[in-house]
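Taking it in order: structure first as structure tokens, then the write-up.
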Amino acid sequence: VQGAAAQTWTINHNLNSRGVIVTVYDSADRVIIPDQIQISNSNSVIVSVASNITGRAVVLTGHADGNTAPSYAYEFYQTEPSTTWTINHGLDRNPIVRAFVGNQEVQPASITFTSPNTVTVTFSTTQSGYAKLI
């Protein structure tokens, strides 16, 4: 959301992808065609419009062939076997958590969001592996 009228919007999307699609809306929910969309890095874009406006932008990620792909915002690796994985992800929200042991996705005994930036994944037996958070 761009609350202050501006010609240049810096959008931090944290999608970890340079292959993003950006749609810009003005405050009346009309689609605006930007003058320029610059991919700053894999987590932000800069949108330039002709005049100072307020509004919002929707940023999506996918493949060049048009198929969507999961965008993992954070990956966590548990190298030492443990029944509890404490993941400090810094996403400032409760993400979807997918846990993997080897090459198989597994269902933990529990997933507890202890704060908007921390999740605890608990298993019934010690496990090592990785988690993908979206």
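Does the stretch 2-22 include one or more residues that are over 21 Å from Leu91 (Cβ atoms) and part of a loop (DSSP other than H, G, I, E, B)? Taking every residue of the stretch 2-22 in turn, none turns out to be over 21 Å from Leu91 (Cβ atoms) and part of a loop (DSSP other than H, G, I, E, B). Scanning the stretch 78-93 for residues that are touching a residue at least 40 places away in the same chain (Cβ under 8 Å) and surrounded by 12 or more Cβ atoms within 10 Å (Cβ to Cβ) returns Gln78, Pro81, Ser82, Thr83, Trp85, Ile87, His89, Leu91. Taking each residue of the stretch 34-57 that is basic (Lys, Arg) and looking for partners that are surrounded by 15 or more Cβ atoms within 10 Å (Cβ to Cβ) with beta-carbon atoms closer than 7 Å, six or more apart or interchain, yields Arg56/Gln2; Arg56/Tyr25.
Within the stretch 94-128, the residues that satisfy the criterion of being surrounded by 12 or more Cβ atoms within 10 Å (Cβ to Cβ), part of a loop (DSSP other than H, G, I, E, B) and out of contact with any Leu (no Cβ under 8 Å at 6 or more places or on another chain) are Asn94, Pro108. Out of Val58, Val31, Val47, one residue alone is closer than 24 Å to Gly3 by Cα and open to solvent by less than 40 Å² (accessible area, probe 1.4 Å). It is Val47.
Looking across the stretch 2-15, the residues that are of a type in the set (A, V, I, L, M) and under 23 Å from Leu133 (Cβ atoms) come down to Ile11, Leu15. Residues that are under 23 Å from Leu133 (Cβ atoms), among the aliphatic types (A, V, I, L, M) and open to solvent by 50 Å² or more (accessible area, probe 1.4 Å) within the stretch 16-28 comprise just one, Ile21.
The number of residues in the stretch 37-53 being within 23 Å of the chain's Cα centre (by Cα) and either closer than 11 Å to Trp9 by Cα or among the β-branched types (Val, Ile, Thr) (or both) comes to 8.
The values are calculated or read from the model by the stated rules, or taken from the named source; none is laboratory data. In this text the structure is predicted, and so the values were computed from the model without any measurement. We place every Cβ from the backbone using ideal geometry, glycine too, and count neighbours over all the protein chains shown. Ligands, DNA and RNA are excluded from the accessible area calculation, which covers all protein heavy atoms including side chains. Shrake-Rupley method; radii C 1.70, N 1.55, O 1.52, S 1.80 Å.
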